[in-house]
Structure formats: structure tokens, C-alpha cells
Amino acid sequence: MSAPVRKLRGGGSALPYAFTFLSLMVACDGEIGTRGADRFAYHLWGNYYLAKPILMDSSDLQDGKKYPLLVYLHGSGAADLADLGYLDFYAKIAQRDLAQPLPGGYQDSYPSFVLIPRVRREWNIANLIALIAKVKTEYPVDERRIYLIGFSMGGSASFELANEYFKKGLGSIAGIIRIAGESQIQLEPKISERCGLWLHVGLLDAPSRVVAVKKSFQDRQGLYPQAKARVSEHVIYPTLGGDSLRAETTSLSIDDREIAKMTIYPELDHEIQALPFHRPDVLYWLFSQSDPVR
């Protein structure tokens with residue numbers, strides 16, 4: 001008999017109460033030169049949303065300062081912020097109802113551009129590469145610190161995007177957080193040497209997704225037979241009610257240098273897109289990645 005999917009206090013799953021990274025990572029609304037805005041917003045430009053670093057101003061351009069670019073690839077059917085209104089962080093962005101910056105906002109610690117492309121059916125890798133190139137051309141992006149976060153369909157596309165980006169001579173994606181991705185495509189070995197990887201999956205998700213995540217980790221491990229694996233268990237608190245959830249993380253390291261990480265949520269299924277960001281070390285890890293030196 002299979003284990004039941006974990007339900008949280010008050011009914012429903014973890015996500016309607018989720019307080020996730022995107023609610024903390026959005027940039028201030030307004031032109032360059034605005035500091036300390038009291039609300040966050042994405043700007044919609046046709047087929048993508050873009051947020052600027054909350055602390056960026058005109059002097060940064062004059063000083064040649066550059067910021068990381070974080071690209072978030074959504075799951076199937078979630079092309080508009082309004083489509084994702086059932087998630088707390090998208091609802092707040094769409095309604096523009098934040099009266100003041102959220103406490104501990106990640107933009108304060110890790111100012112960055114945040115790019116959310118939109119698609120109705122499936123990701124077109126060539127279009128994604130062109131969009132990233134456009135943002136790099138128009139804004140002061142640090143090309144050594146381009147990051148991907150993908151959930152479900154977006155997670156599946158993340159490896160293919162990283163591979164093609166590298167093949168076109170554009171450099172390497174510095175770090176990938178792949179959440180519940182199912183694609184069997186693996187990162188090219190040359191990219192694996194330069195790109196940090198953190199995989200996340202719910203153990204009660206479709207078996208094909210669980211297998212794909214474990215295979216990705218095993219493939220990375222196979223490239224570094226001298227690497228040592230270390231398993232740790234921690235508890236996260238995804239709701240205001242304080243319900244706890246277990247997560248098990250396996251880290252692969254060589255001489256204290258992390259090569260890859262995999263986190264499994266034993267009590268959850270597919271809807272885990274919010275949960276990784278309840279741990280402050282997830283974004284700390286991501287923004288510490290840099291190409292070519294991690």
C-alpha cells in the first residue's frame with residue numbers, strides 16, 4: 001500500500017500557504033535611479049516578465065557594476081502570473097498589495113535580475129537563448145553568474161537549455177536548481193565541471209520523475225568516482241501553522257568542494273515548487289555559484 005500524500009494543517013497541500021523565493025526576489029517598480037521603493041513588481045514585456053535588482057541605480061551603470069541574472073522556468077500551463085494566483089507569492093505580485101518590502105527579502109542580500117519567460121505549451125530552447133541574450137545586451141548582467149531555476153516542465157527544460165547555451169559559445173550556466181524535472185537529457189560533462197546542480201523531488205511524485213532525478217545525480221557521481229556522498233536530514237516549516245516536513249539531502253563533494261546536491265521530500269508528491277526556498281541556504285548556495293570558478 002502506497003503512503004498517503006502529506007496534507008498540512010487546515011487542509012490542502014503545502015503550496016497555498018507557501019512563502020517562497022519569488023515573493024522575496026522581485027525588483028522594485030520604477031526606472032533606474034529609484035531606491036527604497038515600498039512595493040515590488042515585475043514588468044511585463046510581451047512573452048516574459050522581468051524584474052530589476054532592487055538596489056540598482058544609474059551610478060551602477062557608470063561604475064560598470066553588474067548583477068546576476070536568475071531565469072525561472074515555470075511548469076506546464078502557468079504562462080501568466082494570474083494563472084499562478086493559487087500560489088501565495090504570485091497572488092501578491094499580481095495584486096501589487098505589498099505595502100512594504102518583505103522582511104528578509106532576498107533582493108537585499110542577493111540583488112539580481114529575475115527573468116520569467118512565458119510559454120503555453122512547451123519551451124522553445126532557441127527562443128529562451130535569444131531572450132537571455134537580449135537581456136544580457138540591454139542590462140548590466142554578470143555573465144559569470146547566470147542561474148536557472150525550473151519546476152516540472154521548466155525543470156525538464158533546464159538541462160537542454162544549459163547544454164545549448166554552452167554549445168553556442170555563450171559560456172556556462174553557473175548554477176541550476178531543478179525541481180521535479182522529468183527529462184532524461186543530462187548535462188554535458190564539460191558543463192558539469194562548471195555548473196553547480198541542486199536537484200529536488202517529492203518521493204511520492206510520478207515514478208518517472210523520481211527516477212530521472214536520481215539518475216541525474218548518479219550521472220554526476222559517475223563523472224567523479226573519487227567524490228564522497230554525505231546524507232543529511234532536516235525539517236522545514238512551510239506553513240504559518242508550523243506543520244513540519246522532512247527532507248533528506250545528499251551532497252556530493254571532492255575535498256570539501258560540492259559538486260552536486262539532491263533533496264528528496266519523502267512525504268510529498270509533485271507540488272514542491274515552493275518548498276526548497278524555505279531554507280535560506282538554498283539561495284545562498286545558488287548565488288555563490290560562479291563560472292568558471294565555483
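The table below lists the values:
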read-out	value
Residue 132 vs. criteria out of contact with any Asp or Glu (no Cβ under 7 Å at 6 or more places or on another chain), in a strand (DSSP E or B), hydrophobic (A, V, I, L, M, F, W, C) and at pLDDT 95 or above	no
Which numbered condition residue 269 fails, given (1) within 29 Å of residue 68 (Cα to Cα); (2) in contact with a Leu (Cβ under 8 Å, 6 or more places away or on another chain); (3) not aliphatic (A, V, I, L, M)	(1)
All strands (runs of 3 or more DSSP E) inside region 219-289 with 3 or more residues being over 14 Å from the mean Cα position of the chain (by Cα) and under 23 Å from residue 182 (Cα atoms)	245-254, 257-265
Test: residue in region 174-191 that is touching a residue at least 40 places away in the same chain (Cβ under 8 Å), under 22 Å from residue 131 (Cα atoms) and either among the small types (Gly, Ala, Ser) or part of a loop (DSSP other than H, G, I, E, B) (or both)	yes
So residue 154, is it out of contact with any Cys (no Cβ under 9 Å at 6 or more places or on another chain), assigned to a helix (DSSP H, G or I) and farther than 30 Å from residue 51 by Cα	no
Condition check for residue 254: in contact with a strand residue (DSSP E or B) (Cβ under 7 Å, 6 or more places away or on another chain) and among the β-branched types (Val, Ile, Thr)	no
Residue 122 vs. criteria touching a helix residue (DSSP H, G or I) at 6+ places or on another chain (Cβ under 8 Å), within 19 Å of residue 196 (Cα to Cα) and of a type in the set (Asp, Glu)	no
Answer residue from region 213-234, given it is without any contact (Cβ under 8 Å) to a residue 40 or more places away in the chain and of a type in the set (A, V, I, L, M, F, W, C) and is surrounded by the most Cβ atoms within 10 Å (Cβ to Cβ) among those	227
Flag if residue 140 is out of contact with any strand residue (DSSP E or B) (no Cβ under 6 Å at 6 or more places or on another chain), under 27 Å from residue 64 (Cα atoms), surrounded by fewer than 20 Cβ atoms within 10 Å (Cβ to Cβ) and not acidic (Asp, Glu)	yes
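The values are calculated or read from the model by the stated rules, or taken from the named source; none is laboratory data. Predicted model, so just to flag it, every value in this text is computed and none were measured. Using ideal geometry, Cβ is built from the backbone for each residue, glycine included, and neighbour counts are taken over all protein chains shown.
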